[in-house]
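> Let me begin by handing over the structure; questions about it come next.
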């Protein structure tokens with residue numbers, strides 16, 4: 001049985017993929033640190049403070065999260081992981097996206113030509129229903145369907 005949620009499309013588009021879920025804040029720099037500095041072909045989460053994601057491959061996944069946390073370097077990280085080809089397919093936020101994450105995702109889209117689809121304001125109920133491995137459909141109007 002599928003379940004749909006409606007959010008605000010920040011970087012709209014249509015994509016499907018596998019969910020990777022965290023109930024914790026996503027520290028962009030810490031999460032991609034090792035992958036960026038060791039030039040790996042996939043991005044395994046290196047943020048040991050996020051036990052939901054630590055050690056899991058984030059490349060081409062649909063990351064479901066409440067919000068991002070961390071420093072101003074987060075924007076540059078999105079550009080770098082897009083350039084390296086190790087970015088997630090989409091970022092789905094239960095809360096409102098912060099300006100650093102939004103700016104970084106837009107930079108990856110405009111400068112690198114790599115759209116990381118982003119939808120926010122999906123609500124806490126979204127994170128209660130989505131599970132790791134669920135197949136997710138993202139639509140350009142901000143509709144998210146857990147299949």
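No value in this document is a laboratory result; all are computed from the given coordinates. Bear in mind the structure is a predicted one, so any value in this text is a computation, not a measurement. Cβ placement follows ideal geometry from the backbone for every residue including glycine, while neighbour counts extend to all protein chains displayed.
> Mind pulling the angle between the C-alpha long axis of helix 28-38 and the longest principal axis of the chain? Nearest 10 degrees, somewhere in 0 to 90.
In the chain, helix 28-38 runs at an angle near 50 degrees to the longest axis.
> In Å, what Kirkwood hydrodynamic radius results for the chain from the alpha-carbon pair distances?
One decimal place: 14.7 Å for the Kirkwood radius.
> Right, another one. Please give the helix 99-112 orientation as an angle from the longest Cα principal axis of the chain, in degrees from 0 to 90, rounded to the nearest 10.
It is inclined by approximately 70 degrees.
> Taking neighbour counts of Cβ atoms within 10 Å as a proxy for exposure, in what order, fewest first, do 141, 52, 47, 120 appear?
141, 52, 120, 47
> Follow-up. Can you give the calculated 222 nm mean residue ellipticity of the chain, where each DSSP H run of n ≥ 4 adds -39,500 (n - 2.57) and the sum is split over every residue, rounded to the nearest 500 deg cm²/dmol?
Per the formula, -8500 deg cm²/dmol.
> Quick check on the chain: of the DSSP beta bridges with both residues there, what percent are antiparallel, nearest 5%?
Just about 55 percent of them are antiparallel.
> If neighbour count is taken as other Cβ atoms inside 10 Å, put 41, 18 in order from fewest to most.
41, 18
> Something else about it: Report, in degrees rounded to the nearest 10, the 0 to 90 angle that the Cα long axis of helix 74-84 makes with the longest principal axis of the chain.
80 degrees
> Here's something else I'd like to know. For the residues 130, 107, what sequence is obtained by ranking on other C-beta atoms within 10 Å, fewest first?
By the 10 Å Cβ count, ascending, the order reads 107, 130.
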